[in-house]
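Report on the following structure.
Just so it is clear, none of the values below were taken in a lab; they were calculated from the coordinates. Quantities reported herein were computed from a predicted structural model and do not represent experimental measurements. No Cβ is skipped: glycine too gets one built from the backbone with ideal geometry, and neighbour counts run over all protein chains shown.
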Amino acid sequence: MEPIPCVSCGTFFIPRNCKQNYCREPGCQRARKAAWQRYKLKKDDDYRTQQHLSHQKWLQTNPDYYRSYRRRNPDKVQRNRTLQIIRNRRSRPRIRDASRPDDPLIAKMDARKCNQFNLVGQFYLVPVIAKMDVRKVNIYTISDR
Ligand SMILES: [Zn+2]
């Protein structure tokens with residue numbers, strides 16, 4: 001068989017059969033298993049129920065796991081808070097308050113704001129239309145005027 005690029009890392013490898021998309025690297029095999037599990041959780045109700053029950057049982061034996069995880073990973077806590085705000089905005093459709101005339105349905109074209117804010121730091125790029133994963137990007141200033 002001809003070498004094909006690994007779905008996870010992109011390195012070319014010779015697959016054992018026509019269904020193999022991931023190379024043999026442990027990280028790529030973990031990615032393959034995680035993708036399989038995401039698919040299974042989405043499609044298989046029984047599997048999802050079993051996983052939920054199993055997780056609840058595990059949680060009873062490890063009650064402080066998430067508390068200590070959040071304490072150990074403050075950056076992930078902040079990331080989750082940011083993404084939850086975005087998920088909340090997406091799930092709740094904005095309802096116009098008719099009693100407030102200053103709450104316009106469309107943007108005020110004459111209300112201009114100065115765009116001289118400093119857009120430097122870490123941001124999450126969240127695709128609105130396409131179903132893609134969220135990307136974390138760093139924005140730096142590169143020009144010296
Ligand atoms: Zn790979």
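For Phe13, the residues 5 or more places off, or on other chains, whose built amide H falls under 5 Å of its own are Ile4, Cys6.
Mind ranking 25-32, 46-53 by how tightly packed they are, going by the mean number of other C-beta atoms within 10 angstrom, highest first? Kindly include the intermediate steps, with their values, before the conclusion.
On the way: 25-32: 13.8, 46-53: 11.4.
Averaged packing, sorted descending, gives the order 25-32, 46-53.
A Cβ-based charge dipole, computed about the Cα centre of the range 1-80 with Lys and Arg at +1 and Asp and Glu at -1, lands at about 240 debye.
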